[in-house]
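Here the structure is laid out as structure tokens; the discussion comes afterwards.
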């Protein structure tokens, strides 16, 4: 039986009363059989599916409840018993919204702001977590992630592992690899264009099914070490830089100082493996350097990720000298780039956004409660005339739905702008398949939000206003508005708002604090007086040409007029340093330390920053020579963590090493340098080791300079160009600007979270003010009587403020409990989030208290100014 | 209940039962209305109307034997009772009286 048919019968059985079920189901079966014989079973199933859904809709539109009845009591046909969502109800709802512009505008504003943020957040989640590769067989692409099981750090794939997988695996139809890098296309007129390049295996690129716009893809010969260097460009670069000239294919181009033959152009929308616009062929099994190698594959027909993972893991473990700590995960390709941290972080953010929406909806619920309370007499009369409770509840639902739909429409438009801005912001750094946009799925989410907000804002007030003995409701009329039931519901709504706001503000403040903590820690270096630049040596430069750079370039830079001290390094301060595992020989025992940060300073680095040793000495230029004894410098955090005696000078340590390497030699610790923030954003300083670098393809220059930055930068470029014109100089900036873009983004997100919390407080305060104002207005007569009996202003004000404080106390208590619960939950997530401290909660509660007292002041003053005579005369 | 008038769908359903001449059940009644008038009446509306007319004493019904082509379920056959016939005749008289001499006969080209 097809799924359609199954669903259809389930619907039929669900919607029909028991005493009609056999008859109607039998008739449907008979018709289905006739159609199946005449038109085929597929057509008959489609008819049945439509008929079942039609039957359900028709039964509902005839006001026959779909749940919980055994026999049909058929109401007489009457035009007045229309389906709740009739045109008349909608017209009345629109008319009411226009007649109460302040309430409508307030409700729409509160809902649209919170919905807008939730929609923008959802579009990011949708774009990142549910992204698919736009390749013909994209769903079969998998990413192979190696992880150290102990430290949970990701490891690059090594050559022996890649070779073993290539030779031994069958679960993957294609096993390939890539590594991304920056490159610079040099044009003839001295201009250059940055490229997002990737070295890709030949089979990896061909497995994507990409068809070149011009030319060809790589062949196996292109990856031979002895082959003439070739490359592919993206169509955008080809059009922009080469004038879309088909004759450019086959000619040579200069990239990062080397010469390549352009063999083809790939389509503009092709950016595999991540967000590339230039590709170079390589064969990992014939390459010198394996840094940054990332393995991926295509599942073989009939295979799945689980089977592939088991197979690859067993191959990994069967390797001679294999590192037993390594584990391989076979992930959907796009998932590997979003990370568990992102999913967890976005979950937290979405919960906060939903909480904000709930606060806004509770605010609207209070306003609707006040409105329905004012109409209680009308509602009682309608009930007495025969209107069922359901139709009155539905009408109130529709009235709020009109407001929520308006808010959702505004929110979708504004969210579209926000999402477009986000798309531009992340375009350079994010994978090409991540393109957040407001698509039909996101619009459907917006519609769902509108329904949820409507339900929160309308159902409680609607049910409350239609409850209770009809006689009493008719007799009390508008006096009912001051009844205890309405007051309790209003109180409950305000409690809920305050609780959610306190929790939201506390969590947002803590998260925001964590993100704002990604500011550069002051490590005691005058960063504006240090010029930095990245130097990129061409891959074709041999060791004989590379080695003297580290030795000679520093001297040549210091000879420049405006540069006082210069140094080279592979890791700048306030930039995340890589991690490695080490063993420390503490004379009595060899102790394994968990993965710690490793930086590779070149000659002159410490001197250029004016650093002096805390103990022992810092690195000297001679320490960078090939024949020099292996030495290292550690930071203060390392000493605190791993050297109980406090004196590490003379101890030895060595890297634990990788499976394809012999165990490295022991290195002597010769000194201690102060902490230079090797892991920006994490609290405190982390242990680190500084190993002198001897030979690298890339360096950072650190140059202490005098005079204008532009002049010093010009001199720096000139010195490097004169040393070797093939060296590319990029990102010339002062040290304080390093990492500025990512810090700005994080700061923006942190500020956004703080604004979220502030918005929640503002909404709660507005809710408290509205309900107090309403309460004072409705109790005007009572207040007038009290004043007439001698109550002073102070007494009245005290009564109002006490009422507020009581609501606040309950709400804040629940809010703190929610915030602490949230804190416990986020502690379990794979993201680094600061823990909530008592001072955070105290500050939030204080803020809420102050805001609520402020909100109650105006209604309290108004209550105190009530004229008894006027109040008693008013009906 | 003394029913004095028939609604549009009620009229069609009663006439549909008569058209089916003893073979009147949900499927055939709906088909008769569709074929004679070209109108797509809703399935639920027809069944609900049948129930209501039966409750009002205008129709009677009986169950057939279970049938394999209906998954072993019985058909419910309907017939118009005398009060239903009387109401039909009165309705026809009333409509004919209203329609007559208005010059709105269907034109044949």
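Every number in this text was worked out from the coordinates using simple rules, so none of it is lab data. These numbers were taken from a predicted model, which means no experiment stands behind them. Every residue, glycine as well, gets a Cβ built from its backbone with ideal geometry; the counts of neighbours run over all protein chains shown.
What percent of all Cα-Cα pairs in the range A:196-324 falls into each 10 Å bin, going from 0 up to the bin containing the maximum distance?
Whole-percent P(r) values from 0 Å outward: 11, 37, 30, 15, 7, 0.
Over the range A:342-385, consider all pairs of different Cα atoms and compute the Kirkwood hydrodynamic radius from their mean reciprocal separation; express it in Å, one decimal.
12.9 Å
Calculate, for residue A:61 and residue A:799, the FRET efficiency according to 1/(1 + (r/R0)^6) with r their C-beta to C-beta distance and R0 56 Å; round to the nearest 0.05.
My answer for the efficiency is 0.65.
Give me the inter-chain shielding for A:373-379: mean count of other chain Cβ atoms within 10 Å, whole number please.
0
For the range A:1-59, take the convex hull of the Cα atoms, compute a quarter of its surface area, and give me that in nm², please.
3.5 nm²
Let me know the whole percent of all Cα-Cα pairs from chain A that are separated by more than 47 Å.
Beyond 47 Å sits 44 percent of the P(r) for chain A.
Size of the range A:184-237 along its principal axes in angstrom, Cα-based, largest extent first?
Taking max minus min along each principal axis of the Cα atoms, the range A:184-237 gives 35, 27, 18 Å.
Dimensions of the range A:113-179 along principal axes (Cα, Å, largest first)?
If we take the Cα atoms of the range A:113-179, the spans are 56, 36, 20 Å.
In a solvent-free Debye calculation with one equal scatterer on each Cα, what is log10 I(q)/I(0) for the range A:807-868 at q = 0.17, 0.21, 0.25 Å⁻¹, listed in the order of the q values?
For the range A:807-868 at q = 0.17, 0.21, 0.25 Å⁻¹, log10 I(q)/I(0) is -0.70, -0.88, -1.03.
Report the normalised scattering of the range A:356-434 as log10 I(q)/I(0) at q = 0.11, 0.14 Å⁻¹, calculated by the Debye formula with identical scatterers on the alpha carbons.
Result of the Debye calculation: -0.51, -0.66.
Per residue of A:15-25, count partner chain C-beta atoms within 10 Å of its C-beta, then hand back the mean as an integer.
Counting other chains' Cβ atoms within 10 Å and averaging over A:15-25 gives 4.
For the range B:8-84, count the residues as N, evaluate 2.2 N^0.38 Å, and divide the Cα radius of gyration by that value, please.
Normalised by 2.2 N^0.38 Å, the Cα Rg of the range B:8-84 equals 1.05.
So for A:785, A:801, A:442, fewest C-beta neighbours within 10 Å to most, what's the order?
So the ranking, lowest neighbour count to highest, is A:785, A:801, A:442.
Please sort A:806-816, A:710-720 by packing, taking for each peptide the average over its residues of neighbouring beta carbons within 10 angstrom, highest first.
Final packing ranking: A:806-816, A:710-720.
Treating the Cα atoms of the range A:777-824 as identical point scatterers in vacuum, please give the log10 of the normalised Debye intensity I(q)/I(0) at q = 0.14, 0.25 Å⁻¹, two decimals.
Normalising to I(0) and taking log10 leaves -0.51, -0.89.
Counting other beta carbons within 10 Å of each residue's own, what order do A:141, A:94 fall into, fewest first?
Ordered by Cβ neighbours within 10 Å, fewest first: A:94, A:141.
If we sort A:327-336, A:249-258, A:753-762 on the protection proxy, mean other Cβ atoms within 10 Å, highest first, what's the order?
In descending order of packing, they fall as A:753-762, A:327-336, A:249-258.
Do the sum for chain A: with -39,500 (n - 2.57) for every DSSP H run of n ≥ 4, divided by all residues, what is the mean residue ellipticity at 222 nm, to the nearest 500 deg cm²/dmol?
For chain A, the value works out to -17500 deg cm²/dmol.
Take every residue in peptide B:72-79, count the Cβ atoms of other chains within 10 Å of its Cβ, and give the average of those counts.
Partner Cβ neighbours, averaged per residue: 3.
Could the peptides A:6-12, A:857-863 be put in order, highest first, of the mean number of other beta-carbon atoms found within 10 Å of their residues?
Output ranking for A:6-12, A:857-863: A:857-863, A:6-12.
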